[in-house]
Amino acid sequence: MVRKVTVTTREPNIFDLPCLRRLPQAVILTGRKLVFGMETTDDRVKLIYHRLVAREIRRDPALIERARKIVEELSAKPNQRSHVFEWKALLAQPSDTVRHFIVSRNQDATRLRITSPFPMLPELSVQDEQTRRRMWRKARKHGRSTTSTAPSAL
């Protein structure tokens, strides 16, 4: 199944090319570099972090309210991007819905994790260098273990 991907850029939409419409893999746009069928290490680190956040939200649902206050402050500033309003809508949901969404692997969750308000909360900030390094090591290791290789010739 091919999903239609919408990209807003000043350049022509490269996803309108017929050869890309037939691709069976997921297409992820990371800055100017296209990565086909795989998530980046940075995406995996953010997923690992948000799994930890989801555990903390289960213990203390008030974290959502504190994140909501951060998003409210951001939305009061002029020229805010759509992600601020998407976070505002998400954080208005019940805590279980928020927890499940922030750890899901769909495109919207991956995109929103990039602009998450949770790292701005002092109690959820990862200050420990050793913990950050462990998260990155685990993300890189997971990326290498899930990389598919072409079958060898018989």
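The values are calculated or read from the model by the stated rules, or taken from the named source; none is laboratory data. Everything numeric here is computed off the predicted structure, so don't read it as measured data. Cβ placement follows ideal geometry from the backbone for every residue including glycine, while neighbour counts extend to all protein chains displayed. Heavy atoms of the whole protein, side chains included, go into the accessibility calculation; ligands, DNA and RNA do not. Shrake-Rupley method; radii C 1.70, N 1.55, O 1.52, S 1.80 Å.
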Considering amide H positions built from the backbone, and no H for Pro or chain starts, which residues 5 or more places from S104, or on another chain, come under 5 Å of its amide H? none
How large a share of the accessible area of the range 68-144, in percent, is made up of carbon and sulfur atoms when the probe is 1.4 Å and the other protein chains stay in place? 51 percent
So if we plug the beta-carbon distance of S75 and E129 into 1/(1 + (r/R0)^6) with R0 = 30 Å, what FRET efficiency do we get, rounded to 0.05? 0.40
Take the alpha-carbon centre of the range 45-85, take the same for the range 120-142, and report the distance between them in whole Å. 17 Å
Of K46/K77; K69/K138; K46/K141, which pairs sit farther than 21 Å apart, going by alpha carbon to alpha carbon? K46/K77; K69/K138
